[in-house]
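These notes are about the structure you will find just below.
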Amino acid sequence: MSVQEDIPSAAEASQAPQETFVLNLGPQHPATHGVLRVKLTMDGEYVMRAEPVCGYIHRMQEKMGENRTYAQFLPNTSRIDYLSAMTYTHAFVGAVERAAKLQVPPRAEYLRVITSELNRVSSHLVWWGAFLLDLGGFTPLLYAFDDREKILDLLEGITGARLTYSYYRIGGLYNDVDENFLKGTREFVAHMRPRLKMYRELVTENVILRKRLMGIGPLSKEMCRKYGASGPVIRGSGIPYDVRKAEPYSVYSELDFEIPHFDESDSMARYQVRMEEMVQSLRIIEQALDKLPAGPVMAEKVPRVLKLPVGDYCYAVEAARGRFLVRIVSDNKEIPYRVKLRTPCLSNLSLFEEASQGMLLPDALALMGSLDLVIPDIDR
């Protein structure tokens, strides 16, 4: 028999049994950013199936909301997404205020926007540093945390906390800010703009990063709609949806800013969305500081014990990872009848199984990192 006769035909090769194996990514692995397990079925270096397994730290936040008064549950909201704590608390107090028809003072609303946008920049910096670490670059993480530390110092000065804030109150804020906060925030804006320019020149334009992300992990508009994705994930697929513009809340309608979006739909597009969002957040903060009115930071006559009118109330915000919605069903008692938390990370993670099929493992990890998952946001 000749050597040529030993070579199987294409038909015979396609019918040969595939040798696959199962690989556990997590639940304790740096690439999963927390207690997330992804069960990978691999064919060599290629992902045949990626099955996310949630629930390792499920904390029953919704059920806790149905067993506590509104004020008692308030601190829980900042722990659902510890990197976007301000906006999560904003959604909850906004839902209660809408139901109770409380008029929040203008100064409190402007300060809510300022602190929420500072929190957004802080969150994106953590994502940026951790994402580049996933891709093999360590140095950017140090720069990211250096910048983030300045934000944490500012927020600690007015809240007393550095991560899970409970600064917002039903009807306003815990306390007013001082001149040190206002001055420090302006100094941070002035510091951060040239830093973002440096990051763009040294990292975003780096040929190695572009080769790792461009064309990797494309997410079509149809797939985003199918799984209910939101935030930078869909804006990286050319859908310019942002709650701050589509469903304006607080004083965002009084501020001028743009919604970054890119049509490429790949991991690079999602990267660029978040980098441009930090630019827009600095723009929002500066405008809010310029327009900050004087006055109280708490509404008058907020009842010590709240009993919301019977009804179904919703309030949505644009958190760092997407649309976060709080739904409260009240039966006119001190404790809500139903609390529903619609978090963005669960939907954004859900599309990973379909989107990662056939990808090389390193590319699948790049796709996962571009989703910016915070695991407590999933295992609520």
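Tabulated data for the structure shown
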item: Full-extension gain in nm, Ile335 to Leu182, via 0.36 nm per residue minus C-alpha separation; result: 51.4 nm
item: Cα-Cα separations in region 104-254 greater than 21 Å, expressed as whole percent; result: 58 percent
item: 1.4 Å probe accessible area per residue over the chain, in Å²; result: 44 Å²
item: Charge dipole of region 115-208 about the Cα centre (unit charges at C-beta), most positive-ward option of Ala190, Phe138, Leu152; result: Ala190
item: Helical contribution to [θ] at 222 nm, DSSP H n ≥ 4, -39,500 (n - 2.57), averaged over the chain, rounded to 500; result: -14500 deg cm²/dmol
item: For Val207, solvent-accessible area (1.4 Å; no DNA, RNA or ligand), Å²; result: 100 Å²
item: Exposure ranking of Lys197, Lys340 by accessible area [1.4 Å probe, largest first]; result: Lys197, Lys340
item: Cα-based Rg of the chain normalised by 2.2 N^0.38 Å, two decimals; result: 1.09
item: Accessible surface, 1.4 Å probe, highest first, among residues Met60, Met198, Met86, Met359; result: Met60, Met198, Met359, Met86
item: Accessible carbon and sulfur surface of the chain relative to its total accessible area, %, 1.4 Å; result: 53 percent
item: Selection of chymotrypsin sites (Phe, Trp or Tyr not before Pro), region 110-170, meeting DSSP coil and at most 13 other Cβ within 10 Å; result: Phe138
item: Estimated dipole of the chain in Debye, rounded to 20 [Cβ of Lys and Arg +1, of Asp and Glu -1, Cα centre]; result: 1520 debye
item: Sequence of Arg212, Arg107 when ordered by accessible area, the most exposed leading, probe 1.4 angstrom; result: Arg212, Arg107
item: Computed accessible area, Leu111, all protein chains, 1.4 angstrom probe, square angstrom; result: 0 Å²
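The values are calculated or read from the model by the stated rules, or taken from the named source; none is laboratory data. A quick note: this is a predicted structure, and the numbers were derived from the prediction, not measured. Every residue, glycine among them, receives a Cβ derived from its backbone with ideal geometry; neighbour counts consider all protein chains shown. Keep in mind that these areas ignore ligands, DNA and RNA; they rest on the heavy atoms of the full protein, side chains included. Shrake-Rupley method; radii C 1.70, N 1.55, O 1.52, S 1.80 Å.
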